[in-house]
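Presented below is the structure to which this report refers.
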Amino acid sequence: MLMLLKWTNRIVTGVLFILLIGVTILVIPAKITGEQPEIFGYQLKSVLSGSMEPSIQTGSLIAIKSVKGEKIPHIQEGDVITFIGEENNLITHRISDIALTDSSTVYTTKGDNNNATDSAPVLAENVVGLYSGLTIPYAGYVINFVQSPNGYILFMVIPGLLMVGYAVYTIWRILRQLDDRTKYFVDNAE
């Protein structure tokens with residue numbers, strides 16, 4: 001039983017350490033540059049409306065291939081893109097038409113669940129990413145909660161305090177064992 005507890009302790013500590021390092025590697029460079037965190041050129045985005053249902057459910061987390069600042073690769077009618085809307089919010093809709101102008105490419109988009117196309121065309125420079133097809137249902141709700149003040153406390157501060165508390169407990173336990181060994185040797189030396 002003691003051996004099982006030791007291995008469980010090692011596994012949990014290892015997983016927490018790897019998660020901590022992973023989050024650090026993703027978040028710190030993004031905060032320094034002011035851009036969104038990326039994993040191998042992909043960004044994770046929450047879907048907050050039902051405009052793309054049933055293809056993409058409300059509350060899902062999707063992966064998009066980041067194309068901001070790059071020439072957009074082979075976007076065709078029927079592709080799903082994430083773009084900056086009129087109010088600087090991100091929208092994920094399907095391309096229903098592509099028009100070439102003298103200076104740019106313009107996309108007409110439509111949500112799968114909407115009756116009409118979007119009122120404003122999307123300029124190529126407003127496209128943030130191309131939907132990769134990866135969807136994690138309901139994970140967007142979790143991400144949005146984590147980004148809220150209450151979620152930040154629940155998912156960042158409390159685990160951090162638990163890790164610090166566990167480290168203090170481990171140090172205290174080691175010092176206690178050393179103290180017990182010292183007492184043993186002092187008592188047996190007399």
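The values are calculated or read from the model by the stated rules, or taken from the named source; none is laboratory data. These numbers come from a predicted model, not from an experiment. FYI the Cβ positions are ideal-geometry reconstructions off the backbone, even for glycines, and counts take in every protein chain you see. Calculation scope for accessible area: heavy atoms of the full protein, side chains included, ligands and nucleic acids excluded. Shrake-Rupley method; radii C 1.70, N 1.55, O 1.52, S 1.80 Å.
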(request) Among the residues of region 100-120, write down those that are acidic (Asp, Glu) and in contact with a strand residue (DSSP E or B) (Cβ under 8 Å, 6 or more places away or on another chain). (result) Asp112, Asp118
(message) Which residue is most open to solvent (accessible area, probe 1.4 Å), if the candidates are limited to region 121-170 and must be of a type outside the set (Val, Ile, Thr), touching a strand residue (DSSP E or B) at 6+ places or on another chain (Cβ under 7 Å) and assigned to a strand (DSSP E or B)?
(response) Leu134
(request) Sort out which residues of region 102-116 are open to solvent by 30 Å² or more (accessible area, probe 1.4 Å) and more than 19 Å from Pro54 (Cβ to Cβ), and write them in order of number. (result) Asp102, Ser103, Thr105, Thr108
(request) Name, by its number, the condition in (1) of a type outside the set (D, E, K, R); (2) buried (at least 16 other Cβ atoms within 10 Å of the Cβ); (3) modelled with pLDDT of 90 or more that does not hold for Ser96. (result) (2)
